[in-house]
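Visitor: This is the structure I want to talk about, given as structure tokens.
A short reminder: the numbers here are calculations on the coordinates, not readings from a lab. In this text, all values refer to a predicted model and were calculated from it rather than measured experimentally. All Cβ positions, even for glycine, are placed from backbone atoms using ideal geometry, and neighbour counts span all protein chains on display.
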Amino acid sequence: MKTIAAAEAENRFGAILDDAQKEPVIIRRQEKDVAVVLSISEYERMRAGNIRTFLDLRNAVAGQGAANGLTEERLADLLSSDEA
């Protein structure tokens with residue numbers, strides 16, 4: 001990954017956008033990483049991966065609940081008892 005100073009990013013924004021099509025570009029300000037510029041395709045790939053991971057976790061939890069006898073009715077009962 002390429003790293004550049006914030007001042008350079010301001011002066012070379014178009015070039016940074018071009019660079020980001022090849023690899024993410026880290027922007028640093030005062031010796032700290034503060035942002036990353038990446039291509040939309042890389043962003044969408046990461047986002048899709050996060051959604052898939054969440055759905056897999058949700059399905060695993062639901063499967064474990066069902067295997068342990070958790071029904072929709074029991075879940076509704078448990079959730080309604082929290083409100084009291």
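Visitor: Taking a virtual spin label 7 Å from the Cα of D19 along the C-beta vector, which residues in region 35-54 bring their backbone nitrogen under 20 Å of it?
Guide: 35-43
Visitor: Using DSSP to call loops (not H, G, I, E or B), can you name the GluC sites (Glu not before Pro) in region 26-60 whose Cβ has at most 11 other Cβ atoms within 10 angstrom?
Guide: Listed in order of number, the matching sites are E31.
Visitor: Listed highest first by mean packing, meaning other Cβ atoms within 10 Å per residue, what order do 60-72, 17-29 come in?
Guide: 17-29, 60-72
Visitor: Set the Förster distance to 30 Å, then compute FRET efficiency between R12 and I40 from the Cβ-Cβ distance, nearest 0.05.
Guide: Rounded to the nearest 0.05, the efficiency is 0.95.
Visitor: Hey, another quick one. To the nearest 0.05, what FRET efficiency results for E31 and A60 with a Förster distance of 35 Å applied to their C-beta separation?
Guide: 0.25
Visitor: Something else about it: Per the Kirkwood formula on distinct C-alpha pairs, the Rh of region 38-84 is how many angstrom?
Guide: 13.1 Å
Visitor: Just the Cα atoms of the chain: what Rg and Dmax do they give in Å?
Guide: 22.3, 61
Visitor: Please compute the modelled spin-label separation between N50 and S80, points set 7 Å along Cα→Cβ, answer in nm with one decimal.
Guide: 3.6 nm
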